[in-house]
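Scroll down for the structure; my scribbles are underneath it.
The values are calculated or read from the model by the stated rules, or taken from the named source; none is laboratory data. Since the model is a prediction, treat every value here as computed from it, not as a measurement. Reconstructed Cβ throughout: ideal geometry from the backbone, glycine too, with neighbour counts over all protein chains shown.
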């Protein structure tokens, strides 16, 4: 890993001021983007999704725990796996009680949803020491409808808002693996919902590198000279395909 070049304080200051101008521009663009995200239209959820949690069977509205907003982490956990996805786990490790409290104060609930049976989720949650709510969507269409599980026998292929025809075009080369990957396979993602009385609406979903919002350590590491210090490998099989390609398919 190469290190930054050594410079005088004056040279460093000149480079820093140039970068500061770009950082301020990015901040303004991010503020505008966040405002546009809040102005997105929303879609009423009419499907009666059933989940399994610590209290047995629940519906999507129950996941809100009485609050107005719900953030769902689409946690990659295939029913055949014994452990959850390592990347999803890294984000879950940072969902501390203090962070959850801050969300609750703003009328927002965080929950994870996976396709594995609840017994596997609960075993893994206890082993990891997590306290946030985690639900199994096994037996429902939830994962498929929100493109967190890719299985064309259930729903058309869609990866980060790209259909099979998009992926098979030259500009879809970065995620060409998805066209030939063994199905079903799991995808990471985050979906947001809003409750208005008894009605539930889907307001936003993000996939690929958009899920980095759950890994706060990245924000700190991105400020350091050595950065994230990650090396990604090519996909080796169904269980690893989405995880290994994750940095690429956001383009």
task: Filter the stretch 157-189 for residues that are within 20 Å of the chain's Cα centre (by Cα), farther than 18 Å from residue 114 by Cβ and not in a helix (DSSP H, G or I) and give the result.
output: 157, 158, 159, 160, 161, 162, 163
query: Which residues, counting only those in the stretch 101-122, are closer than 16 Å to residue 190 by Cα and in a helix (DSSP H, G or I)?
result: 103
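Suppose we filter 91, 66, 53 for residues that are at pLDDT 95 or above, under 21 Å from residue 188 (Cβ atoms) and either surrounded by fewer than 16 Cβ atoms within 10 Å (Cβ to Cβ) or in contact with a strand residue (DSSP E or B) (Cβ under 9 Å, 6 or more places away or on another chain) (or both); which single one remains?
Details: 91 fails: at pLDDT 95 or above; 66 fails: under 21 Å from residue 188 (Cβ atoms).
One residue alone meets the criteria, 53.
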- prompt: Residue check: is residue 1 loosely packed, with under 11 Cβ neighbours inside 10 Å and either at pLDDT below 95 or outside the structural domain of residue 114 (by TED's automatic domain parsing) (or both)?
  reply: yes
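Can you spot a residue in the stretch 203-218 that is more than 29 Å from residue 103 (Cα to Cα), within 21 Å of the chain's Cα centre (by Cα) and surrounded by fewer than 14 Cβ atoms within 10 Å (Cβ to Cβ)? Working first, answer last.
First, the residues of the stretch 203-218 that are more than 29 Å from residue 103 (Cα to Cα): none.
Checked the stretch 203-218: no residue is more than 29 Å from residue 103 (Cα to Cα), within 21 Å of the chain's Cα centre (by Cα) and surrounded by fewer than 14 Cβ atoms within 10 Å (Cβ to Cβ).
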- request: Filter the stretch 123-136 down to residues that are under 16 Å from the mean Cα position of the chain (by Cα) and either within 15 Å of residue 78 (Cβ to Cβ) or part of a strand (DSSP E or B) (or both), then give me how many there are.
  value: 2
